[in-house]
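Written below as structure tokens is the structure these notes are about.
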Amino acid sequence: MVVVVGGGASGLGTAWDLLLRGIPVTVVEAEDIGRGTSGRFHGLLHSGGRYVVSDPRSARECREENDILRRIAPSAIEPTGGYFVGVGDQDTSYIDEWLKGADQAGIPVRPVSRKELEEKVPGIRRESHAAYFVPDGVLEGFTLLTLLKDNIEKAGGTILPNTRLEAVRHTNGRVSGVSVSTRNGVLDINCNVVVNAAGPWASDVAHLFDDGFSMQRAAGMMLIFANRMVPQVVNRLAPPGDGDIFVPHGETVILGTTDVPQDSPEAPVPTRAEARRLLALGSELFPAIESWRVLRAFCGVRPLFQKDVRDVKSRYVSRDFSVIDHGARHGLEGAFSLVGGKWTTYRLMAESVGDEVCMYLGVDTASITASTALSPVNRPGPAGGPLVCECEGVTRDSLASRMDWSVDDWRTGTWFAMGPCQGTMCAHRAIALRTPRYGPEHTLGELARLREERDKGMWPVAWGDNAREAVFNRAVRFQTLAEEAGSDEWE
Ligand SMILES: Cc1cc2nc3c(=O)[nH]c(=O)nc-3n(C[C@H](O)[C@H](O)[C@H](O)COP(=O)(O)OP(=O)(O)OC[C@H]3O[C@@H](n4cnc5c(N)ncnc54)[C@H](O)[C@@H]3O)c2cc1C
């Protein structure tokens, strides 16, 4: 039995890989599925175009995984395609290098005429001097996490949310079990392998393996705009930098990202200064961006492993992610860590750690995730009754039929409270549905946390229409929940 720590893309991907090889798996997730970076990313299904010059190996991996994900999880991918657009007085030698790199990585690149660019990407800077089309796409992270979760459970795997790894038990230097804390107390689970897929928390978990390592963490901020102003992915054709990618999601578009080193694994609260800087960078591609309505800002944390030669197992696959066999580094045998990478390459990462686990267990079964489609989620659920969330069209019955979900799962599973009003109107109505089952004390806490979380993302971008919405949101929040704002918060 294998215990996987972390319910993000890496953890669920690993569980699915191992289950398909016939190995029983339990996933323990400290909070809700997708609570870490996998629920706080940009949503780009990389074609590899971004990395052809800086990291050709990663570019090839993205190219291959992009193809695979389109085949195995089509319902989680929007195959929009993407443009790389050159703007400003850029050195054209980078474009030559980029075209050469794309060719070597096998990324199909089509030159785009100015006429096509202006037709397909309205609002793009007129002075742009080069444009190419690549197979970028949109990766719906929450949809893919739900697909993985459902397929894992259907295949007999166990997923335990609100379950935190606290300790690893061992016998003669080999893993023999774990202790986890749950809402009902501490639980012991017997297992002979632990896979640490805890994203930005991975170095904390590794300390439980008697073999710590250090990580570089960097926070990235993104801005969500209220309308789909950009119908396809648009990248700036330049060495990867800040604020150089637009990714459409449903009726919105996300601009990102930044890269600020930090010590904590927790996503920081976005700041207004960084939001303004992101907007200024975005205006290089879309000059009218200041007039677009911003919905909110949010941050995620990149988990990067600090490598040295000793650190990485011999079967090292990518420079972008690392599989660490702690037994081989004189830590616990049967303990593995999977660190770094991208959402786009989660399947390859899972296959790589799966190979190591199988070698340790003496299981001679190859990974089949690349050729096994994830069965679509079959959860029609009643959708009738009055509208609860007007922005996203979520009805009372669609929430009430998922009463055992957490509020966060309601939000990411139905999109309630994610539209222009950010829950100002619907949060109270939605949470009230839960009160008969969970009691007023519990659900008032849920309401306060939801409103506070939405507020954190709105306030740093409170200008124009969004300032009116943010102030209204606060007035409703503080009046109905009898809360008070700190005086500095209203500056
Ligand atoms: C700003 C930003 C933008 C990005 N954009 C893109 C993009 O457009 N395209 C792309 O392909 N990639 C992108 N990425 C990268 C991608 O999002 C991450 O590589 C990926 O989501 C990491 O997933 P993970 O499962 O490793 O970590 P996480 O999703 O963080 O999962 C780790 C989980 O472990 C849990 N955990 C921690 N400690 C414990 C414990 N003790 N016990 C139990 N559970 C625990 C946490 O609660 C968490 O849910 C982006 C990253 C960032 C930061």
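The values are calculated or read from the model by the stated rules, or taken from the named source; none is laboratory data. It should be emphasised that the depicted structure is a prediction, and the values quoted were computed from it without experimental measurement. Backbone-built Cβ (ideal geometry, glycine too); neighbour counts: all protein chains shown. For the accessible areas, the whole protein counts, side chains as well, though only heavy atoms, and no ligand, DNA or RNA atoms are used. Shrake-Rupley method; radii C 1.70, N 1.55, O 1.52, S 1.80 Å.
Condition check ((1) more than 24 Å from the chain's Cα centre (by Cα); (2) exposed (fewer than 14 other Cβ atoms within 10 Å of the Cβ); (3) modelled with pLDDT under 90) across all residues:
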residue	(1), (2), (3)
L450	no, no, no
G457	no, no, no
G464	yes, yes, yes
E469	yes, no, yes
N473	yes, no, yes
R477	yes, no, yes
E489	yes, yes, yes
Among the residues listed as T14, T37, the single one being more than 8 Å from the ligand (Cβ to nearest atom) and at pLDDT 95 or above: T14
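Yes or no, residue by residue, for (1) polar (S, T, N, Q); (2) closer than 15 Å to L237 by Cα:
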position	(1), (2)
D89	no, yes
E97	no, yes
E116	no, no
P122	no, no
S128	yes, yes
Y132	no, yes
D136	no, yes
Out of curiosity, is L69 buried (at least 20 other Cβ atoms within 10 Å of the Cβ), more than 7 Å from the ligand (Cβ to nearest atom) and at pLDDT 95 or above? yes
I'd like to check something: does region 41-55 contain any residue that is under 25 Å from F209 (Cα atoms) and not hydrophobic (A, V, I, L, M, F, W, C)? no
Mind checking whether some residue in region 338-354 is free of Cβ contacts under 8 Å to residues at least 60 places away in the same chain and buried (at least 22 other Cβ atoms within 10 Å of the Cβ)? yes
Filter result for the condition that a residue is assigned to a helix (DSSP H, G or I) and farther than 20 Å from D397 by Cα, over R451, R434, R411: R451
Can you name the condition, by its number, that R217 falls short on among (1) open to solvent by 10 Å² or more (accessible area, probe 1.4 Å); (2) more than 10 Å from the ligand (Cβ to nearest atom)? (2)
Could you list, in sequence order, all residues of region 17-34 that are more than 8 Å from the ligand (Cβ to nearest atom) and either in contact with a Cys (Cβ under 7 Å, 6 or more places away or on another chain) or charged (D, E, K, R) (or both)? D17, R21
For region 372-380, does any single residue satisfy the condition of being surrounded by 14 or more Cβ atoms within 10 Å (Cβ to Cβ) and outside any loop (DSSP other than H, G, I, E, B)? no
In region 229-256, how many are buried (at least 24 other Cβ atoms within 10 Å of the Cβ) and among the hydroxyl-bearing types (S, T, Y)? 0
First in region 101-122 and on the phi > 0 side of the Ramachandran plot, second anywhere and at pLDDT below 95 and open to solvent by less than 60 Å² (accessible area, probe 1.4 Å), Cβ under 6 Å, 6 or more apart: none
Consider P122 against the criteria (1) modelled with pLDDT of 95 or more; (2) surrounded by fewer than 18 Cβ atoms within 10 Å (Cβ to Cβ): it satisfies all of them except one. Which criterion is unmet? (1)
If you check R277 against the conditions, is it of a type outside the set (D, E), more than 25 Å from V109 (Cβ to Cβ) and either outside the structural domain of A131 (by TED's automatic domain parsing) or surrounded by fewer than 19 Cβ atoms within 10 Å (Cβ to Cβ) (or both)? yes
If you go through region 123-153 one residue at a time, how many are outside the structural domain of G6 (by TED's automatic domain parsing) and free of Cβ contacts under 8 Å to residues at least 40 places away in the same chain? 1
I want to confirm something. Restricting to region 154-175 and keeping residues that are more than 22 Å from E31 (Cβ to Cβ) and in contact (Cβ under 8 Å) with a residue 40 or more places away in the chain, which single residue is most open to solvent (accessible area, probe 1.4 Å)? K154
Which residue is farthest from the ligand (Cβ to nearest atom), if the candidates are limited to region 322-353 and must be charged (D, E, K, R) and in a strand (DSSP E or B)? E333
Identify, please: which residue in region 292-305 is open to solvent by 10 Å² or more (accessible area, probe 1.4 Å) and within 16 Å of the ligand (Cβ to nearest atom) and is, among those, modelled with the lowest pLDDT? F305
